[in-house]
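Here's the structure, in structure tokens; my notes come after.
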Amino acid sequence: MTPDGRPGADAAGAPDVVDVAALGESMVTFLPSRPGRLADVPSFDRAIGGAESNVACALAAAGHSARWVSRAGADGFGDHLVEAIGAWGVDVTYVRRDPARPTGVYFRTAADRATDAHEVAYYRAGSAASAMGADTVDLGAVRAARVLHLSGITAALSPRCLRLTHELTARRPGRPLVSFDVNHRPGLWRDADGPRVLLELARGADIVFVGADEARRAWGLHDARAVREALPEPETVVVKQGSTGATAFHGDTGGRPGGAVGSGCFVPAPRVDVVAAVGAGDAFAAGFLSATLRGLPLHDRLRHGHLTASAALTVPGDLARPPARHHADRLAALDDEAWGRLRLGPGWTRTGEDAGEGPDEGSVEGSGDGSGEGAEEEVHTP
């Protein structure tokens, strides 16, 4: 532990064991000061963004010990990343600084990523993180965790990063529980092998997160059951189905191709007044992993995933503080009817005297199934 009580190294120099270690690239993000094309936006606000560090930050904010392992440039942007992620309570002791390669940055427009108006400009080629490998990161720090969280983004950054991801997803005795978010980014892959490689990596994990849309685009799989049939090896497979909800399969197939696949556990997502969709998938993974670390049932893990994602959906940036644990537990324990009436908007994570009540505080139109029926029924938070 460090003097302030954060995870670090023990007296002998060995890394402390943390709840979650996350390995991957984080970048400095520039968010536009107003809507419009990148060519027209006059100024940007600085933030941070990275799938794995987002998960680590959300888990640390939820009360877990979390470590981010990566490489960043020995530059001002690298300083900002390390300081900003560390400020969330994440152990950044094992982030190595590279004097020869820069920290990655990217710019994006304010438009929703699902629209044609959305623009993103990445400046990450040759970044310090692209040099991550078994010889350039501390594997002891990566593996000193109850859960190791990875994503397919890292595998796409460079051949060295791909070899590292293969190494960390190889099934070996004594390894941490490996969580893998597919995160298929076609623009990052240099050839058409990306989908095949991601499927292979996912098969080495214990917990897999994949969006229904990316499973369809990458693998031609059109429903959650088909995804589970294609991934029999992981103990848990979670298929995120956007605003509809998510389906999780746990231990159905015995790890055998062609094994019996059950119907899975489906939990609908609550209705959310979306501010920005960025970061929601990472937040979902953090909520699900938090509940997994606490030993909660599969149904509750999905609900906690939805609630943490809803916190991210109701803020403009990639990161949002999750609801307090007692608040999330209370909402996750609602009966199905009350859960179906749940409506969440900006500010909903505030609790106690800070929480507002009434229609102006975090409600949206429509019922839990998105049909618009039952709009008169509401559950307001706190």
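Any chance region 75-84 includes a residue that's surrounded by fewer than 17 Cβ atoms within 10 Å (Cβ to Cβ) and at positive phi? Taking every residue of region 75-84 in turn, none turns out to be surrounded by fewer than 17 Cβ atoms within 10 Å (Cβ to Cβ) and at positive phi.
Hey, does region 282-294 have a residue that's in contact with a Gly (Cβ under 8 Å, 6 or more places away or on another chain), within 28 Å of residue 108 (Cβ to Cβ) and modelled with pLDDT under 95? No, that holds for no residue. Residue pairs whose Cβ atoms lie under 6 Å apart, sitting 6 or more positions apart in sequence or on different chains, and linking a residue in region 324-347 that is more than 18 Å from residue 301 (Cβ to Cβ) to a partner that is assigned to a helix (DSSP H, G or I) and open to solvent by less than 60 Å² (accessible area, probe 1.4 Å), are 344/310.
Against the condition small (Gly, Ala, Ser), surrounded by 18 or more Cβ atoms within 10 Å (Cβ to Cβ) and assigned to a helix (DSSP H, G or I), how does residue 205 come out, does it pass? Break it down stepwise before answering.
Numbers: small (Gly, Ala, Ser): yes; surrounded by 18 or more Cβ atoms within 10 Å (Cβ to Cβ): yes; assigned to a helix (DSSP H, G or I): no.
Spelling it out, it is not the case that residue 205 is small (Gly, Ala, Ser), surrounded by 18 or more Cβ atoms within 10 Å (Cβ to Cβ) and assigned to a helix (DSSP H, G or I).
Would you say residue 181 is touching a strand residue (DSSP E or B) at 6+ places or on another chain (Cβ under 9 Å), acidic (Asp, Glu), under 28 Å from residue 276 (Cα atoms) and in contact (Cβ under 8 Å) with a residue 24 or more places away in the chain? It is true that residue 181 is touching a strand residue (DSSP E or B) at 6+ places or on another chain (Cβ under 9 Å), acidic (Asp, Glu), under 28 Å from residue 276 (Cα atoms) and in contact (Cβ under 8 Å) with a residue 24 or more places away in the chain.
Restricting the first member to region 35-49 and to residues that are farther than 11 Å from residue 107 by Cα, and the second to residues that are open to solvent by 90 Å² or more (accessible area, probe 1.4 Å), no beta-carbon pair is closer than 7 Å while six or more apart or on different chains.
A quick yes/no check of all residues on (1) open to solvent by 20 Å² or more (accessible area, probe 1.4 Å); (2) within 17 Å of residue 244 (Cα to Cα); (3) at pLDDT below 95:
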| position | (1), (2), (3) |
| --- | --- |
| 308 | no, yes, no |
| 315 | yes, no, yes |
| 329 | yes, no, no |
| 335 | yes, no, no |
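Where residues in region 39-69 are touching an Asp or Glu at 6+ places or on another chain (Cβ under 6 Å) and modelled with pLDDT of 90 or more, which of them is most open to solvent (accessible area, probe 1.4 Å)?
At the first step, the residues of region 39-69 found to be touching an Asp or Glu at 6+ places or on another chain (Cβ under 6 Å) are 49-51, 54-55, 64-65, 67.
Okay, now just the ones that are also modelled with pLDDT of 90 or more, so 50-51, 54-55, 64-65, 67.
Working: 50: 10, 51: 14, 54: 9, 55: 1, 64: 19, 65: 35, 67: 0 Å².
Here the answer is 65.
Can you say whether residue 103 is touching a Pro at 6+ places or on another chain (Cβ under 8 Å), among the polar types (S, T, N, Q) and in a loop (DSSP other than H, G, I, E, B), as far as the supplied structure shows? No: the conditions fail for residue 103. Just to be sure, is residue 30 modelled with pLDDT under 95, surrounded by 14 or more Cβ atoms within 10 Å (Cβ to Cβ) and at negative phi? In short, yes. The number of residues in region 129-165 that are farther than 11 Å from residue 69 by Cα, open to solvent by less than 10 Å² (accessible area, probe 1.4 Å) and in a strand (DSSP E or B) comes to 2.
Return the residue satisfying two criteria in turn: it lies in region 171-182 and is closer than 21 Å to residue 67 by Cα and surrounded by fewer than 19 Cβ atoms within 10 Å (Cβ to Cβ), and of such residues it is modelled with the lowest pLDDT.
Our first condition is that a residue be closer than 21 Å to residue 67 by Cα; within region 171-182, this holds for 174-182.
Remaining after also requiring surrounded by fewer than 19 Cβ atoms within 10 Å (Cβ to Cβ): 174-175, 177.
On the way: 174: 91, 175: 95, 177: 98.
Top of the filtered list is 174.
Working only within region 279-304, note down all residues that are under 10 Å from the mean Cα position of the chain (by Cα) and in contact (Cβ under 8 Å) with a residue 40 or more places away in the chain. Write out each step before concluding.
Pass one, region 279-304, residues under 10 Å from the mean Cα position of the chain (by Cα): 279-289.
279, 281, 282, 283, 284, 285, 286, 287, 288, 289 - these are the residues of region 279-304 that are under 10 Å from the mean Cα position of the chain (by Cα) and in contact (Cβ under 8 Å) with a residue 40 or more places away in the chain.
Look at (1) surrounded by fewer than 24 Cβ atoms within 10 Å (Cβ to Cβ); (2) in contact (Cβ under 8 Å) with a residue 60 or more places away in the chain; (3) part of a strand (DSSP E or B) and you find that residue 96 fails only one, number (2).
The values are calculated or read from the model by the stated rules, or taken from the named source; none is laboratory data. Here the structure is a predicted model, which is why all the values come from computation and not from measurement. With ideal geometry, Cβ positions are generated from the backbone for all residues, glycine too; neighbour counts draw on all protein chains shown. The accessibility values were calculated without ligands, DNA or RNA, using every heavy atom of the protein model including side chains. Shrake-Rupley method; radii C 1.70, N 1.55, O 1.52, S 1.80 Å.
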